[in-house]
Amino acid sequence: MAEDTNNTKSSNQMWGGRFASGPAAIMEEINASIGFDKKLYAQDIRGSIAHATMLAHQGIISADDKDKIVHGLNTILSEIESGQFVFSRKLEDIHMNVEARLAELIGAAAGRLHTARSRNDQVALDFRLWVKEELQKVEVSLTSLIAAFLDRAEEHADTVMPGFTHLQTAQPVTFGHHCMAYVEMFGRDRQRVRHAIEHLDESPIGAAALAGTGFAIDRHMTAKELGFREPTRNSIDTVSDRDFALEFLSIASICATHLSRLAEEIVIWSTPQFGFVRLSDAFSTGSSIMPQKKNPDAAELVRAKTGRINGSLIALLTVMKGLPLAYSKDMQEDKEQVFDAAESLELAIAAMTGMIRDLTVRTDRMKAAAGSGYSTATDLADWLVREAGLPFREAHHVTGRAVALAEEKGCDLAELSLEDLQSINPAITAGIFDVLTVEASVASRKSYGGTAPSEVKKQIAWWRARN
């Protein structure tokens with residue numbers, strides 16, 4: 001007897017001390033989702049109220065039972081929101097926790113709620129509702145971020161700064177123009193959000209386990225009640241579809257990438273070597289050992305959030321890639337990834353919106369840097385094409401010789417004498433000096449979408465009308 005007991009203890013130890021009762025405890029641990037899917041309580045209750053209302057309307061349950069169910073569900077909602085509700089891991093998930101409590105409150109009538117539905121279409125509904133609401137929040141957050149950029153762009157439509165390729169000085173641009181580049185990026189993100197809402201705007205409830213139901217339900221009624229455009233059209237796809245979650249994570253990953261690029265620029269620009277911007281103490285931290293340090297930690301953390309969000313996308317893609325139709329328990333792994341990514345994205349957008357409104361733009365440092373690296377060389381080449389009639393490739397060669405001469409003399413292109421320039425090509429006239437300053441360079445870039453202040457202001461006005 002003692003030997004059998006020892007063997008049992010040894011067996012339990014193999015499973016780990018946390019699972020004192022052996023395999024059954026492990027099954028409970030791996031199977032339970034209430035630790036995270038309780039986040040869906042409001043959507044679960046809302047969906048159940050709509051379902052009960054439809055069942056009564058169709059004569060499938062009595063009006064009295066419907067009233068009891070709705071009253072009980074509203075009571076549970078109040079209990080959860082006030083912190084009085086006790087969630088049980090033994091009941092696995094949010095659906096069973098709510099249903100068990102409903103039975104305690106109203107008795108046998110609670111058992112009629114699950115008529116003509118399954119946990120498969122129920123969880124699909126709850127999750128879809130949650131993602132739709134989260135996308136709507138992201139849309140609002142992105143609108144605020146775009147508004148912050150429009151304000152800064154308007155403020156700095158004439159502020160000259162260097163434009164970069166390969167992080168090397170390329171051509172002068174304006175800070176307003178640079179801000180508007182991010183308006184375009186986040187505008188596309190917002191458009192993707194709107195498209196995703198349109199794609200998922202179908203109600204899953206009524207698909208049941210996978211084959212629909214023999215009850216005379218009205219899926220169009222529940223769809224309308226829950227704010228969906230229409231019900232889904234295939235019951236198998238309905239319970240196995242997680243495209244809406246993958247699309248949310250894809251959008252989040254792209255948006256996080258845009259945020260990360262911006263965060264990287266803020267990190268670089270706030271260094272003493274650049275000194276283009278300064279963040280206030282609200283978005284910076286100090287060093288525990290170096291008193292002179294002011295670290296752009298908020299930007300760095302936004303940059304890091306991208307890894308978490310991208311990881312969530314890859315995780316769910318991997319979960320879904322080999323699943324046969326229709327529902328498999330693997331799909332329980334969808335929610336934590338979406339919940340975590342949503343929280344990270346929401347925080348990152350809010351932090352970046354705060355930083356954009358907070359940062360001080362050092363226009364003097366930007367202007368000083370704008371003319372470095374012979375950034376108006378392309379303007380010299382363009383002038384040679386327009387005014388001297390040179391083919392661009394020849395103008396490019398002439399300009400290269402002018403840059404080499406300026407390097408040799410240790411001066412900017414605009415500081416070369418007319419004689420210096422004519423020694424390279426006699427077709428050059430004094431008119432060349434009208435295009436060699438950074439201000440003249442940016443003012444000349446009036447092509448649609450260009451960096452000229454006049455063009456930047458047009459783009460700001462276009463976005464203001466649509467934001």
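Observations on the structure shown:
- Test item: Cα-centred dipole of the chain, Lys/Arg +1 and Asp/Glu -1 on Cβ, debye: 280
- Charge dipole of the stretch 131-255 about the Cα centre (unit charges at C-beta), most positive-ward option of 172, 186, 240: 240
- Taking Cα atoms only, the orientation of helix 297-320 departs from the longest principal axis of the chain by about 50 degrees.
- Whole-number D in µm² s⁻¹ for the stretch 35-107, Kirkwood Cα-pair radius fed into Stokes-Einstein, 20 °C, 1.002 mPa s: 171
- Length gained on full extension, residue 165 to residue 446: 99.1 nm, using 0.36 nm per residue less the C-alpha separation.
- Farthest toward positive dipole pole in the chain [+1 Lys/Arg, -1 Asp/Glu at C-beta], among 355, 427, 197: 197
- Alpha carbon centroid spacing (whole Å) that separates the stretch 72-148 from the stretch 420-446: 68
- Mean projection of the Cα convex hull over all viewing directions, computed for the stretch 46-199: 14.4 nm².
- Solvent-accessible area per residue for the chain (1.4 angstrom probe, square angstrom): 48
- Length added when fully stretched, residue 365-residue 330, from 0.36 nm per residue minus Cα-Cα: 7.1 nm
- Mean Cα-pair separation over length for the stretch 414-454, i.e. relative contact order, pairs under 8 Å, 6 or more apart, %: 25
- Against the main long axis of the alpha-carbon atoms of the chain, helix 392-409 sits at an angle near 70°.
- Dipole magnitude for the stretch 151-276: about 200 debye, using +1 per Lys or Arg Cβ and -1 per Asp or Glu Cβ, origin at the Cα centre.
- Charge sum, other residues only, whose C-beta stays under 13 Å from residue 161's C-beta, Lys/Arg counted +1 and Asp/Glu -1: 0
- Over the stretch 339-427, relative contact order from alpha-carbon pairs under 8 Å, at least 6 apart, %: 22
- Annotation: residue 419 carries an accessible surface of approximately 130 Å², with a 1.4 Å probe and no ligand, DNA or RNA atoms counted.
- Sparsely packed trypsin sites (Lys or Arg not before Pro) within the stretch 107-181, loop by DSSP, other Cβ within 10 Å at most 16: none
- Value of relative contact order over the chain, rounded to a whole percent, pairs C-alpha under 8 Å and six or more apart: 16
- Among the trypsin sites (Lys or Arg not before Pro) in the stretch 169-261, those located in a DSSP loop and surrounded by at most 16 other Cβ atoms within 10 Å of their own Cβ are 229, 233.
- Counting only Cα atoms, the size of the chain along its three principal axes is 102, 61, 41 Å, in decreasing order.
- Cα-Cα P(r), the stretch 300-417, percent of pairs per 5 Å interval: 2, 9, 12, 9, 8, 6, 6, 6, 9, 9, 8, 7, 5, 3, 1, 0
- Low-density loop positions, trypsin sites (Lys or Arg not before Pro), the stretch 386-467 - DSSP coil, at most 16 other Cβ in 10 Å: 446, 466
- Residues 86, 435 ordered from highest to lowest accessible area at a 1.4 Å probe: 86, 435.
- Solvent-accessible surface (1.4 angstrom probe) belonging to residue 280, in square angstrom, nearest 10: 40
- Cα long-axis angle, helix 41-57 against the chain (0 to 90 degrees, to the nearest 10): 60
The values are calculated or read from the model by the stated rules, or taken from the named source; none is laboratory data. None of these values were measured; they are calculated from a predicted model. Virtual Cβ from ideal backbone geometry, glycine too; neighbours counted across all protein chains shown. Just the protein is used for accessible areas: all its heavy atoms, side chains included, with ligands, DNA and RNA removed. Shrake-Rupley method; radii C 1.70, N 1.55, O 1.52, S 1.80 Å.
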